[in-house]
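Input: a single structure, listed below in structure tokens.
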Amino acid sequence: MAHWVETIPAFVVLTVVLFLPGWLVVRALGTRGLEALAVSPAVSVGVVAVCATLAQRVGIRWGLLPLLVSTVVAAAVALLAMRLVGRRVGRHDTDLGPTRRLLGRPRPDAVVAVAIGVLLALATIVPAIGRPDELVDSPDAVYHLDRIRLFLDTGNFSIANPTFYPNGFHAWIATSLLPGVADVLPGTNVATLVLAAVAWPLGCVALVRHALGTSRLVTYAAGLASAAFIAFPTMLLGWGVLWPNLMATALTPGALALMLQAARSRRIGQWLGFAAAMPGLALIQPNALVALVLFALVWFVAARLRAGLLGHLAWWRVARDLGAVAVVGVAGLVAAPLVSARLASTQSYEWDGRVPLWTALVEVVGGRLQISAVLWGLLVLLLLGTCWIVRRARAALPVVAMWVACVVLYVMAASSSSAWTSLVTGYWYNDKVRLASLAAVPGVVLVAASAPALRELLRRIPPLRSRPLVAGAVAVLAIPALTLGLDGVTRFRVLDGFFHPGEARKVILSFEAQDSLRRLAARIPAGEGVVGRPENGSPLMFALFGTNTLYRSIPIPTTGDEIVIGTGFDDMENRPDVCAALARHDVRWAIDSTHVYWLDYPERSSGLTGLADVSGVERVATDGDYTLYRVTGC
């Protein structure tokens, strides 16, 4: 696919699969309005990921019919749960007809605000990506694309296919691609566009309206604020590439909005809707659950402190509650890695480039992460919004506290190498990029709050004193002017650099290389295995053409048949263990190339280098930088 217009069917199907199943479930639970729509993607992913795993366990191939059945069953279970637990959420709906109770009544201001966010996201993301079949040149893309292809080829969308790894992101995309609306690569690019340009703005508008109120000014500001940050979604569209983390962060505002609504209304159906979103978030990226726990604890602590300051709660009760939170929180942080070896492994990640505390603070608050200059416009909006909340909208102070908590986590990850900090930041792999993107969730509320702050300042100017609509319009438009206007070029360069790096060694597979491998893949009989150094891009032959490649990630694993073949392939005639490993994977072909990607581990693939001089292989064809060999030594 060379043109985005060709991806419209894929865009529609991906959006329907992302929103519709979950929306039916949360509506059955009684949640209505924008919140039901905003939280529905997390619920949908939970339905797909859980039911696909269960289907594999009972020997059912996952497909559109199992998805339909699973959706109907999930909605029926939700209705039954409401009948058993109680239908308190329906007490205000008794005068409404069935259609109104199901669909609600869309609020025009919210619809316009979401549309604004969608258009801004599309306008800033699509030109930077270029073509829909453009490959983002980040190593994790190889694994994610190959896993989606594996799901499609096997019909097994389980969390354990091929090894245990959260399957929410991959299962959603693979399910949506079952009708054949797109190939894996353009389909995945369109999926990330749905997340960044639809799910994220929708969740942001819902969150801002719950935090700051439902005025038109704040609502429109929310749509504009969703496009204010480079840390999210721009950075995660290319860095890593952290697609599951992108999805988890994009869905967090919607879940947080419903949590705030449920906490205020205390309706059982809304709490059940929030709970229904948890499995999906966990099966996308577990740190999304940790983020919501963090936000909930911060909200509770801030609410207790505010109650103490206002005299609504005795200070000894405040101290008791905060002490209990501290004890439980510390105990949980210490115990979690002892219980989960996988978490302990995640917390052991170490990154180069630690920076001083002040530098870390400037990076996260001033947006100078992987960027040469401070984003002064964004910084001004954050400060204005914070000041306005402190002065005029103190009910939203917990959201400010959430943002501060994210800033603290970022500074810890960026500046500290102490073992104790990993107990907290390890849920995000001690990675400051992930934490910067998380800070954008409450940060959107702060940026949106800058609109009423600016309007208040503008109305002090005599010509605008009697023109509130003009002052409001100028205040709202200041958000895109100070963000997209001032840093538009920087934003474009960041994303463009991920998809179109200037150095050849940073390109995994160019379009020319893809064409070469496509022609060579046509010479390999269906199902027969092929091996090559991952750093030459050959693992993507599986995702792009369905070729059965031994390696499906960069770099080579350090254990099992993969490392045996990688280090011993050039001595196969004297290595029975290598021949046995090749036979187990039906590897009969090999690919060699002069191209090497920057993430190179030559010690793991020493046996796959310079195949022209290796005894036991026979050259078949050369196309561009790639040469295909037939394995004859085993």
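The values are calculated or read from the model by the stated rules, or taken from the named source; none is laboratory data. As the structure is a prediction and not an experimental result, all values here were calculated from the model. Note that we place each Cβ from the backbone using ideal geometry, even for glycine, and neighbour counts take in every protein chain shown. Calculation scope for accessible area: heavy atoms of the full protein, side chains included, ligands and nucleic acids excluded. Shrake-Rupley method; radii C 1.70, N 1.55, O 1.52, S 1.80 Å.
Could you please let me know if SER437 is crowded, with 20+ Cβ neighbours inside 10 Å and modelled with pLDDT under 95?
In short, no.
Does ARG266 satisfy the criteria of being open to solvent by 10 Å² or more (accessible area, probe 1.4 Å), of a type in the set (D, E, K, R) and either touching a Lys or Arg at 6+ places or on another chain (Cβ under 9 Å) or closer than 23 Å to GLY497 by Cβ (or both)?
Spelling it out, ARG266 is indeed open to solvent by 10 Å² or more (accessible area, probe 1.4 Å), of a type in the set (D, E, K, R) and either touching a Lys or Arg at 6+ places or on another chain (Cβ under 9 Å) or closer than 23 Å to GLY497 by Cβ (or both).
Which one of these is open to solvent by less than 30 Å² (accessible area, probe 1.4 Å), closer than 17 Å to HIS170 by Cβ and in contact with a helix residue (DSSP H, G or I) (Cβ under 7 Å, 6 or more places away or on another chain): ALA42, ALA78?
ALA42
Against the definition (open to solvent by 20 Å² or more (accessible area, probe 1.4 Å), within 25 Å of PRO139 (Cβ to Cβ) and among the hydrophobic types (A, V, I, L, M, F, W, C)), how does VAL290 come out, yes or no? First the steps, then the outcome.
On the way: open to solvent by 20 Å² or more (accessible area, probe 1.4 Å): yes; within 25 Å of PRO139 (Cβ to Cβ): yes; among the hydrophobic types (A, V, I, L, M, F, W, C): yes.
Yes: the conditions hold for VAL290.
So which residues in region 21-35 are on the phi < 0 side of the Ramachandran plot and part of a helix (DSSP H, G or I)?
PRO21, GLY22, TRP23, LEU24, VAL25, VAL26, ARG27, ALA28, LEU34, GLU35
Anything in region 600-609 that is open to solvent by 30 Å² or more (accessible area, probe 1.4 Å) and not in a helix (DSSP H, G or I)? List them, or say none.
Once the filter is applied, which keeps residues that are open to solvent by 30 Å² or more (accessible area, probe 1.4 Å) and not in a helix (DSSP H, G or I), region 600-609 yields ASP600, TYR601, THR609.
Whether any residue in region 159-173 is touching a Gly at 6+ places or on another chain (Cβ under 7 Å), in contact (Cβ under 8 Å) with a residue 24 or more places away in the chain and open to solvent by 10 Å² or more (accessible area, probe 1.4 Å) is what I want to check.
no
Is there any pair linking a residue in region 490-508 that is touching a residue at least 24 places away in the same chain (Cβ under 8 Å) and assigned to a helix (DSSP H, G or I) to one that is open to solvent by less than 30 Å² (accessible area, probe 1.4 Å) and among the hydroxyl-bearing types (Ser, Thr, Tyr), with Cβ under 8 Å and at least six apart or on different chains, and which?
ARG491/THR234; VAL494/THR234; LEU495/THR234; PHE498/SER138; ARG505/TYR597; LYS506/TYR597
Does region 183-202 include one or more residues that are open to solvent by 10 Å² or more (accessible area, probe 1.4 Å), part of a loop (DSSP other than H, G, I, E, B) and not hydrophobic (A, V, I, L, M, F, W, C)?
yes
Is one or more of the residues making up region 577-593 without any contact (Cβ under 8 Å) to a residue 12 or more places away in the chain and open to solvent by less than 70 Å² (accessible area, probe 1.4 Å)?
Yes, region 577-593 contains a residue that is without any contact (Cβ under 8 Å) to a residue 12 or more places away in the chain and open to solvent by less than 70 Å² (accessible area, probe 1.4 Å).
Look at region 20-39 and say how many of its residues are surrounded by fewer than 24 Cβ atoms within 10 Å (Cβ to Cβ) and of a type in the set (A, V, I, L, M).
Summing the residues that are surrounded by fewer than 24 Cβ atoms within 10 Å (Cβ to Cβ) and of a type in the set (A, V, I, L, M) in region 20-39 gives 3.
Tell me which residues, restricted to region 340-389, are open to solvent by 80 Å² or more (accessible area, probe 1.4 Å), farther than 22 Å from LEU236 by Cα and part of a loop (DSSP other than H, G, I, E, B).
Selection gives PRO356 alone.
What about VAL631, is it of a type in the set (Val, Ile, Thr), surrounded by 15 or more Cβ atoms within 10 Å (Cβ to Cβ), at pLDDT 95 or above and touching a Phe, Trp or Tyr at 6+ places or on another chain (Cβ under 6 Å)?
Here the answer is no, as VAL631 does not meet what is asked.
Considering only region 377-396, I want to know if a residue exists there that is on the phi > 0 side of the Ramachandran plot and free of Cβ contacts under 8 Å to residues at least 40 places away in the same chain.
Within region 377-396, none of the residues are on the phi > 0 side of the Ramachandran plot and free of Cβ contacts under 8 Å to residues at least 40 places away in the same chain.
Just to check your reading of the model, which residue among GLU528, GLU503, GLU535 is closer than 24 Å to PRO127 by Cβ and not hydrophobic (A, V, I, L, M, F, W, C)?
Details: GLU528 fails: closer than 24 Å to PRO127 by Cβ; GLU535 fails: closer than 24 Å to PRO127 by Cβ.
Exactly one residue qualifies, and that residue is GLU503.
Just to be sure I understand the filter: pairs with C-beta atoms under 7 Å, separated by 6 or more residues or on different chains, first member in region 52-73 and closer than 13 Å to SER158 by Cβ and touching a residue at least 24 places away in the same chain (Cβ under 8 Å), second member aromatic (Phe, Trp, Tyr) and open to solvent by 90 Å² or more (accessible area, probe 1.4 Å). Which pairs pass?
Partner pairs satisfying both residue conditions: none exist.
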